[in-house]
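Let me begin by presenting the structure, written as structure tokens, before commenting on it.
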Ligand code: PMP
């Protein structure tokens, strides 16, 4: 990924893609002091750019550092990065991390670095292919108790168990893995939130120990605007046998129906279809 043409915004300037390097003694690498975002631009405009910039800054604060740019500066930097790379439909990845001044657990005086990259990542818009649904495994790892990890931050360190879980799922022939939380409740996937449909209503886990996705909140708003009831509640895995439809959602996944989670089967239907179409309209509005 590092050998490409194009530009990466790096600490305030656009630098050639291949030159956007950091030192091997960066605290962010050794101790996980790194936060990031995942966004998508549609027809040249980043969907919910401000919300992502706000979450980016909040994630850093949870990890006890400040991103040295305002929300407005970050939004402008993302737009400049898109322009410099001539991209209109793409994925956008801001990242911030502690630099290499202090090589110990404590790192109060380290420089905070910020970079923004963007690359082509087409969304899967063929709805009929989407409606076949993906298959999910059940992950061995659980989302941690919020007392043991800063689970509300989009922090790089929290993705270690996601990568392990996703690798295992792909090895076993699944698209992704559903993770339970520390109490054994249904939580989310390795990079997306999950929703179920029962008797026309949406049911989704309460986001109390995992990322309350910007797409998740968008889907909740879209559903309510369509008169679909939304219930946020505790969902135990056994209950999955009683749901009609299931979908996952996130910036990358957008709204993606699910056909199977381990032994549980779902039939992507009218509610998933309506929300795929509603989300597609919203991101292009
Ligand atoms: N959960 C996790 C673990 C994620 O990585 C993501 C993607 N950022 C989401 C949920 C969905 O968040 P969003 O809708 O803000 O992209």
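No lab work stands behind these numbers, since they all come straight from the coordinates. Predicted model only: the values in this text are computed from it and were never measured. Heads up, the Cβs are rebuilt from the backbone with ideal geometry, glycines too, and the neighbour counts pull from every protein chain shown.
Below 8 Å, C-alpha to C-alpha, sequence gap of six or more: please give me the relative contact order for the chain in percent.
Numbers: 578 pairs, mean separation 49.7, N = 285.
Value for the chain: 17 percent.
Using a/c under 1.5 as the rounded threshold, could you call segment 34-120 rounded, prolate or oblate? The axes a ≥ b ≥ c are square roots of the C-alpha gyration tensor eigenvalues, and prolate needs a/b larger than b/c, oblate otherwise.
Working: a/c = 2.69, a/b = 2.09, b/c = 1.29.
Taking the square roots of the gyration eigenvalues as a ≥ b ≥ c, segment 34-120 is prolate.
What do you get for the angle between helix 270-284 and the principal long axis of the chain? Use alpha-carbon atoms, 0 to 90 degrees, nearest ten.
30 degrees
Of the beta bridges DSSP finds with both residues in the chain, what % are antiparallel, to the nearest 5? Walk me through the intermediate numbers first.
On the way: 42 of 53 bridges.
About 80 percent, rounded to the nearest 5.
Considering only segment 127-284, what is the antiparallel percent among its DSSP beta bridges, to the nearest 5? If you can, show how the numbers build up before the last one.
Details: 18 of 29 bridges.
Within segment 127-284, antiparallel bridges account for around 60 percent of the total.
Gap in Å between the Cα centre of segment 1-69 and the Cα centre of segment 185-220?
Cα centroid to Cα centroid, the span is 25 Å.
Most exposed first by the Cβ proxy, i.e. fewest other Cβ within 10 Å, how do 118, 204, 111 rank? Write out the running numbers ahead of the final one.
On the way: 118 25, 204 21, 111 15.
Ranked by crowding around the Cβ, least crowded first: 111, 204, 118.
How far is helix 160-171 tilted off the main Cα axis of the chain, in degrees rounded to 10, range 0 to 90?
So the helix axis and the longest Cα principal axis differ by about 50 degrees.
Find the relative contact order for segment 127-284 and round it to a whole percent, using C-alpha pairs within less than 8 Å whose residues are 6+ positions apart. Present the calculation step by step, with values, prior to reporting the outcome.
Numbers: 310 pairs, mean separation 42.5, N = 158.
Over segment 127-284, the number comes to 27 percent.
Using just the helices of the chain, give the 222 nm mean residue ellipticity in deg cm²/dmol: DSSP H runs with n ≥ 4 each add -39,500 (n - 2.57), and the total is spread over all residues, rounded to 500.
Values: 7 runs with 76 residues, N = 285.
-8000 deg cm²/dmol, from helical runs alone.
Please report the orientation-averaged projected area of the chain, defined via the convex hull of its C-alpha atoms, in nm².
14.8 nm²
Any idea what angle helix 71-84 forms with the longest principal axis of the chain, computed on alpha-carbon atoms, 0 to 90 degrees, nearest 10?
Roughly 90 degrees between the two axes.
Under the definition of Cα pairs under 8 Å and six or more residues apart, what whole-number percent is the relative contact order of segment 7-120? Spell out each step's value before the answer.
On the way: 202 pairs, mean separation 42.1, N = 114.
So the answer I get is 37 percent.
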